[in-house]
Amino acid sequence: MNVKEHAWQRLSGKQVDDTTLRLSAGGCSFTYRRLKPGALLLTITGDDTGQFGAATIDEVNAEFERFGTLKLFVDTHQASGPSTAVMEAWTAYFAANRKKLKGVTILVNAESKLLHLTIKIVKHLSNTGGLLQIIDDAKAFHESVARER
C-alpha cells in the first residue's frame, strides 16, 4: 500500500464536480479546483497538523503528472497555519519541483502574522525566489485566479 492509499483511508475525499476535489480530516479541508489544464486553485480551511499524510501534496503532484507544469494559487485566508512537519514537507516539495512550477501565489489573511511568517520561511528555504508570491489582497488574488480560467 502506498502513502496516498493509506492517507485516503484516514480522511474523507469527495469529488465535488468535474474540476473540484475536497479532502477533509480533523477540522481541516483542502479543496482543489482545476481552473484550466496546468492551473490549480487550492483553498485551505482550518488547521493542518499533518492529518492528511502525503495526500495534499499528492494531489498537487497529480496535476504536474497530467500537464507537465503548474501554476498554483493557494487561498489560506481561512487557514490557521500548518504544523512544522507540514511546513517542512511543502518546503521540500517546492524546492524539488520549482522548475515545473510556473508560479505559486498564496493569499494570506493580513491579520494572520504567524501564517504570513510561516509562508515567508517556506519561500526562503525552498529557494523559490520570485516564483512564490505572498499577497494579502483578496481582490487582487481573485482577479489573478479569474485570469487563469
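Values for this structure:
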{"quantity": "Nearby lysines by direct alpha-carbon distance to K71 (threshold 17 angstrom, same-chain neighbours under 8 apart not counted)", "calculated": "K36, K99, K100, K102, K123"}
{"quantity": "Order of D137, D17 - criterion: other Cβ atoms within 10 Å of each residue's Cβ, fewest first", "calculated": "D17, D137"}
{"quantity": "Förster-model FRET efficiency, 22 Å R0, R22 and F67, C-beta, rounded to 0.05", "calculated": "0.60"}
{"quantity": "Label of the coordinate-derived value, Rg/Rh (Cα atoms, Kirkwood Rh), listed as (i) 1.11; (ii) 0.92; (iii) 1.19", "calculated": "(ii)"}
{"quantity": "Furthest towards positive pole of dipole, T84, L72, S24, structure part the chain, Cβ charges", "calculated": "L72"}
{"quantity": "Hz values of 3J(HN,Hα) by residue in segment 45-53 - Karplus curve (6.51, -1.76, 1.60), Gly and Pro given as x", "calculated": "10, x, 10, 8, 9, x, 5, 8, x"}
{"quantity": "Choice from D18, D58, D47 showing the highest fluctuation, given a GNM over the chain with Cα pairs closer than 10 Å", "calculated": "D18"}
{"quantity": "Antiparallel DSSP beta bridges within segment 8-149, percent to nearest 5", "calculated": "50 percent"}
{"quantity": "Burial ordering of K71, K139, fewest other beta-carbon atoms within 10 Å first", "calculated": "K139, K71"}
{"quantity": "Magnitude of the charge dipole, the chain, Cβ model with Lys/Arg +1 and Asp/Glu -1, debye to 20", "calculated": "440 debye"}
{"quantity": "E143-N109 pseudo-label distance in nm [points 7 Å out on the Cα-to-Cβ vector]", "calculated": "2.4 nm"}
{"quantity": "Cβ-based net charge around V86, under 13 Å, with every Lys or Arg adding one and every Asp or Glu removing one", "calculated": "-3"}
{"quantity": "Value of [θ]222 nm, deg cm²/dmol, for the chain, DSSP H segments ≥ 4, -39500 (n - 2.57) each, nearest 500", "calculated": "-12000 deg cm²/dmol"}
{"quantity": "Distance in nm between pseudo-label sites at K100 and N127 (7 Å out along the Cβ direction from Cα)", "calculated": "1.8 nm"}
{"quantity": "The chain: relative contact order as a whole-number percent, Cα under 8 Å and 6+ apart", "calculated": "19 percent"}
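Quick note: the coordinates plus some simple rules give every number you see, no bench work behind them. Keep in mind it's a predicted model, so treat the numbers as computed, not measured. Backbone-built Cβ (ideal geometry, glycine too); neighbour counts: all protein chains shown.
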